[in-house]
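Undergrad: Attaching a single structure in structure tokens format; questions to follow.
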Amino acid sequence: MRIDLLKALFLDGEERPPRLKDEAWQAWTLNELANSYSLSGQPQKAVPLFERQIAIREKQGVKKSVAIGLGNLASTAQIPLGELKAAESNLRRSINLCQEIKDEFWEAVGHQELGRLLAYQGNFSESEKELERSTRYWEKIDHKQGLCLDEAYRSLRALLMEDADSALKEALRARELADVRHYERDIIRAEWLIGSAYLAKGDLNKAESHLNEAIIRDRRINLVELEPDILLAIAKLRFAQGHRDEAEKLAKEALDIATRCEYRLKQADIHIFLAEFYLSTKDPAQAREDLELAKERAACGYQPALNKAKLQ
């Protein structure tokens, strides 16, 4: 509905400016439509809109809006699409602009998202340094949601490092913080991470409880950005429980969503699991196909997935 309402201002098509006289409002409208596309699983459509918004703000010399726009472009569109080098460049530029104008809040957001990106790139030590910079600011202003997201990203980082104990500890802390302001998105992310950590530890009953909570909450609000991750975790759980048919079905459902939305990193993860699945079911040809697809998807710089695929 939000996309439809905003598109009504683009009478000449989305490749042309919205029909508003004030350039500042044109930029605002471009940013809001881009955010809406990103949150509805259409990050590719968001990229040119973010870029045009940033160009307007640069021309106007509004550095804060440029910094926010660069962060939005990187975190909500380029990272999911696997455009990791471009995302890193934009996040570092956003941080530099925030330092220049002394905007600590948006600088902390930049460090936070850069911490997540560096974890995907396998640069775990630098990832933690960026998250520490973010955490110091959130602690200073007692910003619980900022702290919640830092802990969630630390849990994700630990999972990528195959450190299940740390992943669980940080995910539980994220879940505790998510209840302070009760942002549903934060709760869903934390439940998925807790379930994934328990799964990595081999505690299938606890994993099932948290992953079921995550998928129920996710589908209640149609949070497409996390649905493939949750479905993949449940597929791994069903595989561990010996329910092979259900595991395959869930993984393919996750892949359908990730492919439709062009979520490149998620595609890599799903193809790695499918390769393992087909190896176990004596279908080496299909396993090889999924493994090659995983490598191709992870070649964008998603180093932990690329390393895992090369080991198969």
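The values are calculated or read from the model by the stated rules, or taken from the named source; none is laboratory data. The structure presented is a predicted model; accordingly, all values stated were derived computationally and were not measured. A quick note on method: Cβ atoms are made from the backbone with ideal geometry, for glycine too, and the neighbour counts reach across all protein chains shown. These area figures cover heavy atoms from the full protein model, side chains too; ligands, DNA and RNA do not enter into them. Shrake-Rupley method; radii C 1.70, N 1.55, O 1.52, S 1.80 Å.
Undergrad: For Lys129, give me every one of the lysines with a C-alpha distance below 23 angstrom, ignoring sequence neighbours fewer than eight places off in its own chain.
TA: Cross-link targets: Lys85, Lys102, Lys140, Lys144, Lys169.
Undergrad: What relative contact order, as a whole-number percentage, does region 1-142 give when Cα pairs under 8 Å and 6 or more residues apart are counted?
TA: With pairs under 8 Å counted, the relative contact order is 15 percent.
Undergrad: A further question on this structure: Specify the angular offset, from 0 to 90 degrees and rounded to the nearest 10, of the alpha carbon long axis of helix 104-120 from the longest principal axis of the alpha carbons in the chain.
TA: Tilt of helix 104-120: around 30 degrees.
Undergrad: From the phi of every residue in region 220-226, what ³J(HN,Hα) in whole Hz does the Karplus formula 6.51 cos²θ - 1.76 cosθ + 1.60 yield, where θ is phi - 60° and glycine or proline is x?
TA: 3J(HN,Hα) across region 220-226, in whole Hz: 5, 10, 6, 7, 5, 5, 9.
Undergrad: Let me ask you something else. Between Asp245 and Gln60, what is the spin-label point distance in nm, taking each point 7 Å from the Cα along the Cα→C-beta axis?
TA: Once both label points are built, they end up 5.8 nm from each other.
Undergrad: Sorted by accessible area (1.4 Å probe), largest first, how do Phe124, Phe277 line up? Working shown, then result.
TA: Values: Phe124 45, Phe277 5 Å².
Final ranking, largest accessible area leading: Phe124, Phe277.
Undergrad: Of all the accessible heavy-atom surface of region 78-234, with the other protein chains kept in place and a 1.4 Å probe, what percent is carbon and sulfur?
TA: Looking at region 78-234 in its full context, I get 46 percent from C and S.
Undergrad: Right, next: If you count only protein heavy atoms with a 1.4 Å probe, what accessible area per residue comes out for region 168-286, rounded to a whole Å²? Write out the running numbers ahead of the final one.
TA: Details: 5430 Å² over 119 residues.
About 46 Å² of surface per residue is accessible.
Undergrad: Output the relative contact order of the chain, whole-number percent, from Cα pairs under 8 angstrom with separation of 6+ residues. Walk me through the numbers before you get to the answer.
TA: Numbers: 484 pairs, mean separation 37.4, N = 312.
Answer for the chain is 12 percent.
Undergrad: Between Asp12 and Ile101, what is the FRET efficiency for a Förster distance of 45 Å, r being their Cβ-Cβ separation, to the nearest 0.05? The partial results should precede the final answer.
TA: On the way: r = 34 Å, r/R0 = 0.75.
That pair, Asp12 with Ile101, gives E of 0.85.
Undergrad: Okay, moving on. Tell me what the chain gives for mean residue ellipticity at 222 nm when only DSSP H runs of n ≥ 4 count, each as -39,500 (n - 2.57), the sum divided by the residue total, rounded to 500 deg cm²/dmol.
TA: After summing the helix terms and dividing by residue count, I get -26000 deg cm²/dmol.
Undergrad: Got a sec to turn the phi values of region 133-145 into Karplus ³J(HN,Hα) couplings, 6.51 cos²θ - 1.76 cosθ + 1.60 with θ = phi - 60°, whole Hz, x for Gly and Pro?
TA: So the Karplus estimates, Gly and Pro as x, are 4, 5, 4, 4, 6, 4, 5, 4, 9, 6, 9, 5, 5 Hz.
Undergrad: Using alpha carbons only, how many degrees (0 to 90, rounded to 10) separate the axis of helix 227-240 from the longest principal axis of the chain?
TA: For 227-240 against the chain, the angle is about 10 degrees.
Undergrad: Return the distance in nm (one decimal) between the two label points of a simple spin-label model at Glu292 and Arg181, each offset 7 Å from Cα along Cα→Cβ.
TA: Here the answer is 4.7 nm between the modelled labels.
Undergrad: Oh, and also: Please list, in chain and number order, the residues 5+ apart from Gly122 or on another chain whose amide H is under 5 Å from its amide H, with Hs placed from the backbone.
TA: Gln303
Undergrad: Turning to a different aspect of this structure: Against the longest principal axis of the chain, how steep is helix 23-39, in degrees 0 to 90 to the nearest 10, with axes from Cα atoms?
TA: 10
Undergrad: How large is ³J(HN,Hα), in whole Hz, for each residue of region 202-217 in order, when computed from phi with the Karplus curve 6.51 cos²θ - 1.76 cosθ + 1.60 and θ = phi - 60°, using x for Gly and Pro?
TA: Calculated HN-Hα couplings, in order: x, 8, 5, 5, 5, 4, 4, 4, 6, 5, 5, 4, 5, 6, 5, 5 Hz.
Undergrad: OK, next. As an exercise, use a Förster radius of 25 Å and the Cβ-Cβ distance of Arg93 and Glu132 to find the FRET efficiency, rounded to the nearest 0.05. The partial results should precede the final answer.
TA: Details: r = 21 Å, r/R0 = 0.84.
The formula returns an efficiency of 0.75 here.
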